[in-house]
Structure formats: structure tokens, C-alpha cells
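Presented below is the structure to which this report refers.
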Amino acid sequence: MKSLLVILLSAIFVDNFVLSKFMGICPFLGVSKKLDSAAGMGVAVTFVMVCATLCTYPIYMFILVPMGLEYLKTIAFILIIALFVQLVEMILKKKVPSLYSALGVFLPLITTNCAVLGVTILNIDNSYNLIQSVVNSLGAGLGFTLALLIFSGVRSRVNAADVPETFKGVPATLIAASIVSVSFMGFSGMFG
């Protein structure tokens, strides 16, 4: 049980996909303007990460490895991720149309979000079993959500602040993102 807790906390804080591995930066910067859209994107990405892991792990272990087709894992994983993104998109469009419109183009871009693909590949590369892979994916999704929510708050403060004209907009956003990223470096070495 302890190893699962270490995997979960490590994925959230130490190996945060956005702030430590710098994966998923596009939705991180694009959706973090509003707290509602940041939370919605975080939940959607977490759902896709966990569901994709539940499907990619058995496909890799029981189909690709026995047939000697391990080199096809990236293509197979992207197809599975695209399937779940389409599912999320259909559900949000029908059940929560306001969130669907708020996420806009960033929702279908979950398919090409390297954090989602990265977690499925890293689960295989780290030799995690299915349970460990799911816990790692859940932690990665929660870490992604945490980063979005924290940065949404930081971004609203930066946008309200009186900054020099040169730094307004993207420069101030990137500087704030780097400071949030550096703050997460304090967790390194805590777990594992």
C-alpha cells in the first residue's frame, strides 16, 4: 500500500507533468484564464488519463508484446486516447454545454496532449503493473488539475496587477508560470 501512496503523491507533486516534466503546457496556458474552465479541463484530462491507462496497459501487455509489436505503442495509445477524448467531448456537449464552449479548441486537443500520452508510455517504461499504472495516471491527472487551479489563481492576480506595459500578457504569464514551476521543485526528493 505504501508504494501506491508514494506513486500517487510523487505523480502529483514531484513528477508533476506540467510543472516538472513540462508536458501539457498548451492547455495549461490556454485554459487557466478562468477557474471554471481550468477545473473542467483538469477533470477531463484526469478522466482520459485513467481510462486510457486502463485500456493501453492490457493492449500493450497482452497484444503488442506477445506479437513483438512494441514499437507500435505510440500509435495504438494515441488511437485509444482519441477514443476517450471523443467520449468526453460528446458527454460535455450534451450534459455541460457551457463548459464545452468554455474549453473550446482545447478539449479536442487533449488527444495530442503530450501529458496524456506521456503518462501511458511512462507507466510502461517504469515497469508499473496495472494497479500502479492506474494510480500513477490518477496522480498525474490530479497533479495536472492542481497545476491548472493554482496557476488560474496566480494568473488572475497577475492580470489584476499593475505591471509594466512590456510585461503585460504573455511575458507576465510565462514569468508567473516559471515561478509556480520553481515552487514545485521544493517537493523533489520527498517521495521515492
Q: Name, by its number, the condition in (1) out of contact with any Leu (no Cβ under 8 Å at 6 or more places or on another chain); (2) open to solvent by less than 40 Å² (accessible area, probe 1.4 Å); (3) closer than 29 Å to Ile7 by Cβ that does not hold for Met67.
A: (2)
Q: Find the residue count for segment 166-192, including only residues that are open to solvent by 50 Å² or more (accessible area, probe 1.4 Å) and closer than 19 Å to Leu149 by Cα.
A: 10
(Q) All but one of (1) open to solvent by less than 40 Å² (accessible area, probe 1.4 Å); (2) in a helix (DSSP H, G or I) hold for Val163; state the number of the condition that does not hold. (A) (2)
Q) Which of the residues that make up segment 48-88 are in contact with a Phe, Trp or Tyr (Cβ under 6 Å, 6 or more places away or on another chain) and not β-branched (Val, Ile, Thr)? A) Cys51, Ala52, Lys73
Q: Quick one: Ile131 ticks every box in (1) over 17 Å from Val50 (Cβ atoms); (2) loosely packed, with under 14 Cβ neighbours inside 10 Å; (3) in contact (Cβ under 8 Å) with a residue 12 or more places away in the chain except a single one, so which number is it?
A: (1)
Q. Within segment 1-23, can you find the residues that are crowded, with 23+ Cβ neighbours inside 10 Å, of a type outside the set (Val, Ile, Thr) and closer than 21 Å to Gln132 by Cβ?
A. Ala11, Asp15, Asn16, Phe17
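Are any residues in segment 24-46 open to solvent by 50 Å² or more (accessible area, probe 1.4 Å) and closer than 25 Å to Leu130 by Cα, and if so, which ones?
Passing the criteria: only Val43.
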Q) Being closer than 16 Å to Leu122 by Cα, among the aliphatic types (A, V, I, L, M) and touching a residue at least 40 places away in the same chain (Cβ under 8 Å), is that true of even one residue in segment 22-34? A) yes
Q: Look through segment 86-121, keep the residues that are within 23 Å of Ile12 (Cβ to Cβ), surrounded by 19 or more Cβ atoms within 10 Å (Cβ to Cβ) and more than 13 Å from the chain's Cα centre (by Cα), and return whichever of them is modelled with the highest pLDDT.
A: Val88
Q: Considering every residue within segment 37-57, establish whether at least one is without any contact (Cβ under 8 Å) to a residue 60 or more places away in the chain and either of a type outside the set (Phe, Trp, Tyr) or within 14 Å of Thr112 (Cβ to Cβ) (or both).
A: yes
Q. Out of (1) on the phi > 0 side of the Ramachandran plot; (2) part of a loop (DSSP other than H, G, I, E, B), what's the single condition that is false for Gly104?
A. (2)
Q.
Which of the numbered conditions does Ile81 fail, given that it passes all the others? Conditions: (1) touching a residue at least 40 places away in the same chain (Cβ under 8 Å); (2) surrounded by 20 or more Cβ atoms within 10 Å (Cβ to Cβ).
A. (1)
Q: State the number of residues belonging to segment 6-31 that are touching a Phe, Trp or Tyr at 6+ places or on another chain (Cβ under 7 Å) and either within 20 Å of Val182 (Cβ to Cβ) or at pLDDT below 85 (or both).
A: 15
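The values are calculated or read from the model by the stated rules, or taken from the named source; none is laboratory data. All values reported here derive from a predicted model rather than from experimental measurement. Methodologically, a virtual Cβ is constructed for each residue, glycine included, from the backbone with ideal geometry; neighbour enumeration extends over all protein chains shown. Heads up: the accessible areas ignore ligands, DNA and RNA and are worked out on the full protein's heavy atoms, side chains in. Shrake-Rupley method; radii C 1.70, N 1.55, O 1.52, S 1.80 Å.
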